[in-house]
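Colleague: Structure below; questions to follow.
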């Protein structure tokens, strides 16, 4: 059961547009996962997700899935677009009641602020330094060369 005060209708799609979806999410269930599986499967140092009851997910298109076995032995279907490979969501293989939607493919992702981090023991130690790095609004014409490390 969703708390009416924390629910939000979302929509999204894969990069190529072959798969699109809508869902109702609980904004208090937005999380960042630092587990090594999420790092590898997302190609990034963490993955941002939001949980939704499976009955609220409506898909257009036919995704594919890959079943991974987690460290704790749970089997999770990793659902993605078969054309462009965009990760869409994960869910339990048997008796699923929830989907864990990947924020990268959600149109309203800027509005879904993480409420927690999980598997933080696997977080990359350099993440805390991101706010101190030089930032460009877009990709610069030529890649800047950082100064050599001091010391």
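The values are calculated or read from the model by the stated rules, or taken from the named source; none is laboratory data. Just so it is clear, the model here is predicted, and its values are computed rather than measured. So basically every Cβ, Gly included, is an ideal-geometry build from the backbone, and we count neighbours across all protein chains shown.
Colleague: In segment 51-67, how many residues are surrounded by 14 or more Cβ atoms within 10 Å (Cβ to Cβ), in contact (Cβ under 8 Å) with a residue 24 or more places away in the chain and over 23 Å from residue 116 (Cα atoms)?
Modeller: Adding up the residues that qualify gives 3.
Colleague: Examine segment 3-12 for a residue that is at pLDDT 90 or above and within 23 Å of residue 130 (Cα to Cα), and state whether such a residue exists.
Modeller: Among the residues of segment 3-12, not one is at pLDDT 90 or above and within 23 Å of residue 130 (Cα to Cα), which makes the answer no.
Colleague: Could you identify the single residue in 115, 137, 141 that is loosely packed, with under 10 Cβ neighbours inside 10 Å and under 25 Å from residue 12 (Cβ atoms)?
Modeller: Answer to the check: 137.
Colleague: Going by the structure shown, is residue 91 farther than 20 Å from residue 122 by Cα, in contact (Cβ under 8 Å) with a residue 24 or more places away in the chain, within 17 Å of the chain's Cα centre (by Cα) and surrounded by 15 or more Cβ atoms within 10 Å (Cβ to Cβ)?
Modeller: yes
Colleague: Then there is this: From the list 70, 48, 13, exactly one residue is closer than 19 Å to residue 92 by Cβ, in contact (Cβ under 8 Å) with a residue 12 or more places away in the chain and in contact with a strand residue (DSSP E or B) (Cβ under 9 Å, 6 or more places away or on another chain). Which is it?
Modeller: Being closer than 19 Å to residue 92 by Cβ, in contact (Cβ under 8 Å) with a residue 12 or more places away in the chain and in contact with a strand residue (DSSP E or B) (Cβ under 9 Å, 6 or more places away or on another chain) holds for just one of 70, 48, 13, which is 70.
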